[in-house]
Amino acid sequence: MFHAASSPGQNRTPLPPAQSPAPAVPSPRRPGESDGGPAKQRDAFFDNAKYLAIVLVAAGHSWAPLMDDSRVLRSLYMFVYAFHMPAFIVISGYFSRSFDARPDRLKRLITGVAVPYVVFETALSLFKRYAGHSPEQDISLLDPWYLTWFLCALFIWRLTAPLWKLVRRPLPLALVIAMLASAGSSIGDDLDLQRVLQFLPFFVLGLSMKAEHFRLVRRRSVRIAAVPVFAAALVTAWWAAPRMNSSWFYHRDAAQDLGAPWWAGPVMTLALFGCSLVLTACFFAWVPGRRMWCTALGAGTLYGYLLHGFVIKGAGFQGWFDHAWLHRPLGEILVTVVAATVITLLCTRPVRRVFRCVMEPEMKWAFRQDAGEQARERREAQWPQWEKAGSVSA
């Protein structure tokens with residue numbers, strides 16, 4: 001008893017526990033943990049929302065080559081593009097609330113966002129050059145092509161997250177920045193800054209939200225109200241399809257680049273933000289909060305997002321969308337079902353296992369590790385034994 005009480009190290013102050021990383025940031029796995037992480041630590045609502053949003057992303061990309069021949073498809077395209085990426089970005093902002101400049105979180109940002117950006121920007125550029133027979137396609141990490149803009153934007157947004165926590169009115173400030181960006185065509189294409197700045201308010205909104213805000217939009221009254229709102233949005237999209245340039249929904253160009261006067265940029269940015277915000281709330285209202293067959297797929301949406309680009313572009317390079325029967329209603333339905341199926345398969349656990357080496361590389365060789373972090377990792381490795389001992393004593 002005496003030796004146990006006086007043994008070295010017994011009176012040392014224990015290290016402070018590490019803060020829990022944001023769910024959107026890759027984190028070290030404990031022994032025996034599944035690919036998707038412990039189910040009890042994940043909110044089924046957000047996984048369901050991410051899965052449904054990524055299915056809409058794939059559907060929209062599959063509609064793009066077909067919508068010129070169909071007003072219905074163009075209307076659906078504009079309707080979906082009004083809220084599917086804003087919903088994704090709001091969730092990304094919400095799960096970036098705990099991001100700070102702590103070394104382990106910066107490492108996760110590099111390994112989970114920057115490295116996949118470099119890998120997939122290079123791979124997609126090479127794919128376009130050789131499979132798409134486009135020798136003019138250069139590999140430039142400053143000019144994101146097709147899908148990789150989101151990784152570039154997420155990296156910049158998350159780095160700025162601590163700054164948005166310091167200002168008094170972050171959302172109005174982000175809206176002003178987005179409006180000014182849409183009025184200036186001199187920003188250029190580097191790092192797709194137009195999209196970074198014009199989509200910024202949705203990320204800042206997510207940073208400012210709390211769990212009770214999501215509970216508010218999931219009330220029964222909001223769910224019922226969402227039905228006529230969605231119906232009105234579809235009617236509006238049907239009216240706007242032949243009259244409006246759908247490129248406004250991409251948020252990648254200034255007003256002058258779309259043939260509009262400079263003042264139209266701020267006006268459209270503010271108007272589209274309001275429309276997208278309402279439709280995003282309606283979308284969240286109808287997302288199931290219980291665990292479903294697709295819930296586990298929510299952990300792999302970034303895999304599906306990046307990988308389905310090769311399928312969509314490959315189909316376009318091979319001329320598959322040129323078949324006349326695909327431009328008829330049954331063909332459009334088939335394309336939509338195939339796109340949803342493909343994106344679902346790409347979010348599954350076997351696919352994540354194969355591509356984790358580039359999507360979530362550990363890269364321990366690239367980073368120094370301080371003594372405090374090593375001690376935390378040793379303690380985390382003992383958690384299963386502690387949990388077992390606690391259950392026995394209980």
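FYI, it's all coordinate maths here, none of it is from the lab. It should be emphasised that the depicted structure is a prediction, and the values quoted were computed from it without experimental measurement. FYI the Cβ positions are ideal-geometry reconstructions off the backbone, even for glycines, and counts take in every protein chain you see.
For this structure, a couple of remarks:
- Whether region 93-190 is rounded, prolate or oblate, judged on the alpha carbon gyration tensor where a/c under 1.5 counts as rounded: oblate
- Karplus-derived HN-Hα couplings along region 93-108 (A = 6.51, B = -1.76, C = 1.60, θ = phi - 60°), whole Hz, x at Gly and Pro: x, 4, 8, 9, 4, 8, 6, 9, 8, 5, x, 5, 6, 5, 4, 5
- Taking Cβ atoms as reference points and 12 Å as the exclusive limit, the residues near TRP238 contribute a net charge of +3, counting Lys and Arg as +1 and Asp and Glu as -1.
- Three-way shape call for region 166-268 based on the alpha-carbon gyration tensor, with the a/c threshold at 1.5: oblate
- Region 171-278: trypsin sites (Lys or Arg not before Pro) in DSSP loop, at most 14 other beta carbons within 10 Å: LYS210, ARG219, ARG243
- Using a cutoff of 8 angstrom between alpha carbon atoms and counting only pairs six or more residues apart, the relative contact order for region 144-242 works out to 28 percent.
- Cα-based Lys pair tally, region 34-373, threshold under 18 Å, eight or more apart or on separate chains: 5
- Cα lying deepest toward the dipole's positive end in region 34-373, options PRO86, ASN245, VAL119, charges on Cβ: PRO86
- A compact globular protein would have a Cα radius of gyration near 2.2 N^0.38 Å; the ratio found for region 34-373 is 0.99.
- With both labels modelled 7 Å from their Cα along Cα-to-Cβ, the ALA231 to VAL176 distance reads 4.1 nm.
- Residues in region 328-350 that a label on TRP293 would reach, taking backbone N under 18 Å of a point 7 Å out along Cα→Cβ: 337-350
- Phi to ³J(HN,Hα) by Karplus 6.51 cos²θ - 1.76 cosθ + 1.60 over region 342-350, Hz, x for Gly, Pro: 5, 5, 5, 5, 6, 8, 6, 4, x
- Remark: region 130-139, residue by residue, has Karplus-estimated 3J(HN,Hα) of 9, 6, x, 6, 10, x, 7, 6, 9, 9 Hz, where x stands for each Gly or Pro and the curve is 6.51 cos²θ - 1.76 cosθ + 1.60 at θ = phi - 60°.
- Length released on extending from ARG102 to SER246, taking residue separation times 0.36 nm less the Cα-Cα span: 47.8 nm
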